[in-house]
Amino acid sequence: MIKNLLQEGFILKQRGHYKKAIEVFYKALEEDNTSSELLLEIAELYYKLGDEERTLSYIGQVLDNAPEHINALKLLKQIFVDKEAFQEAEQTAKNIYCISNSDKDLAEIFKLLNLQGKFEEIFEYNIKSENTAVILEQAKALYRRQDFTKAEELAEKLYSKSPENQEVLLLLGQIYYALNKKDKCIALVQKLSDNSENAELLNFCGLIEDYQGNYKKACKHLLKAIKLEPCNDKYHYNLANMYFKQGDTAFAKKYYNIAISLNPQNTNYHFALANLYYSEKHYKRALEELPDNLFEANLLKIIILYDTGYLALAKQELSRLLQQCPDSHILQEYTERINQELGLS
């Protein structure tokens, strides 16, 4: 009887009928209410349904029966990751590694340490591994702490072993870019397939095409990245920049506004949109969009005030900004211009 119920439950799960599968597994539980595997199946189904409370309840029951149940611990770790509770996820990953001692689980620890910026802790693990995932996280840590030469050595080693690995390609490209080895970046991008499904890699390709002045190709990469990750504000911002460089201000405005709506605290996005309005001589809208705590934004405000004839206000803003940046040549240049026009020089 229980075997038939399990088969029925698995079939329903495979077909995406999660609630019905749970009902069937509940019936199976009536015959064996201590089965860790059955309890975990129900936990996984509730996870797929987005019911965190019930998922944790059933994970707890599994771990009460079998404290070292790796799959239950992995599901628990994933819940912590989903909630961005990275410290709790890290501790759970360490518990898993203590049980499994596998390279795959070690790589998970390193990934979580990288997410938290704990780069040095990765190298406290005095372990030499040939596992691609482990080396990749080590190389990412070196890149993030700006040890680009060592990062390049590891990434190139990985690339020689796994030239099709898109995470490796992305990291190696980022390292080359940081080392100003643009020719190597371009060579990498040329090897990539148009069928890439890695949004971050597509974004990077877009930036390299931008560097070469290939704005239409850049747009193609960035539009695909946005299709894969529509809520990533950075991709919308980069796409807006490409349209702006091509003179398509309508599409540039659209994507700057999407980027701002996704991340309204990013001052660079507001400045970029203000700069676009300035290019169209929509000075009022530009001033409304300018953030306060950015040098470039304050400089643009001065330029707009100067261009529109508000010389006294421009001079006031210049005096304030010169106190912060007394050695700025452009501020000194505008001071001389305004003083000349006001007859103060």
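N214 meets each of the listed conditions (1) open to solvent by 80 Å² or more (accessible area, probe 1.4 Å); (2) farther than 30 Å from K104 by Cα; (3) out of contact with any helix residue (DSSP H, G or I) (no Cβ under 6 Å at 6 or more places or on another chain); (4) at pLDDT 90 or above apart from (1).
For the condition assigned to a helix (DSSP H, G or I), open to solvent by 60 Å² or more (accessible area, probe 1.4 Å) and not aliphatic (A, V, I, L, M), what is the one hit in K140, K128, K94, K150?
That would be K150, the only listed residue that is assigned to a helix (DSSP H, G or I), open to solvent by 60 Å² or more (accessible area, probe 1.4 Å) and not aliphatic (A, V, I, L, M).
With respect to I302, is the statement that it is under 30 Å from F204 (Cα atoms), β-branched (V, I, T) and either in contact with a Gly (Cβ under 7 Å, 6 or more places away or on another chain) or at pLDDT 90 or above (or both) true? So I302 does not fit the description; no. Scan the stretch 45-63 for residues that are part of a helix (DSSP H, G or I), of a type in the set (D, E) and surrounded by 13 or more Cβ atoms within 10 Å (Cβ to Cβ) and jot them down. Scanning the stretch 45-63 gives a single hit, E52. Scan the stretch 217-234 residue by residue and report those that are more than 13 Å from the chain's Cα centre (by Cα), buried (at least 18 other Cβ atoms within 10 Å of the Cβ) and of a type in the set (A, V, I, L, M, F, W, C). Result: A218, C219, L222.
Residues checked against (1) hydroxyl-bearing (S, T, Y); (2) within 30 Å of L39 (Cβ to Cβ); (3) in contact (Cβ under 8 Å) with a residue 12 or more places away in the chain; (4) touching a Gly at 6+ places or on another chain (Cβ under 9 Å):
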position: V81; (1), (2), (3), (4): no, yes, yes, no
position: Q91; (1), (2), (3), (4): no, yes, no, no
position: L113; (1), (2), (3), (4): no, no, yes, no
position: L158; (1), (2), (3), (4): no, no, yes, no
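The selection criterion, being among the basic types (K, R) and within 30 Å of F110 (Cβ to Cβ), does not hold for K13.
May I ask you to list the residues in the stretch 274-289 that are open to solvent by less than 20 Å² (accessible area, probe 1.4 Å) and either under 23 Å from E341 (Cα atoms) or in contact with a Lys or Arg (Cβ under 7 Å, 6 or more places away or on another chain) (or both)? Residues satisfying the conditions are L276, Y277. Taken over the stretch 16-40, the criterion of being outside any helix (DSSP H, G or I) and within 20 Å of H69 (Cβ to Cβ) is satisfied by D32, N33, T34, S35. Residue selection: E164 satisfies the criterion of being open to solvent by 60 Å² or more (accessible area, probe 1.4 Å) and under 20 Å from E130 (Cβ atoms). Scanning the stretch 12-36 for residues that are open to solvent by 90 Å² or more (accessible area, probe 1.4 Å) and basic (K, R) yields R15, K19, K20, K27.
The values are calculated or read from the model by the stated rules, or taken from the named source; none is laboratory data. Please read these numbers as outputs of a predicted model, since none were measured by experiment. Heads up, the Cβs are rebuilt from the backbone with ideal geometry, glycines too, and the neighbour counts pull from every protein chain shown. Surface areas here come from the heavy atoms of the whole protein model, side chains and all, with no ligands, DNA or RNA. Shrake-Rupley method; radii C 1.70, N 1.55, O 1.52, S 1.80 Å.
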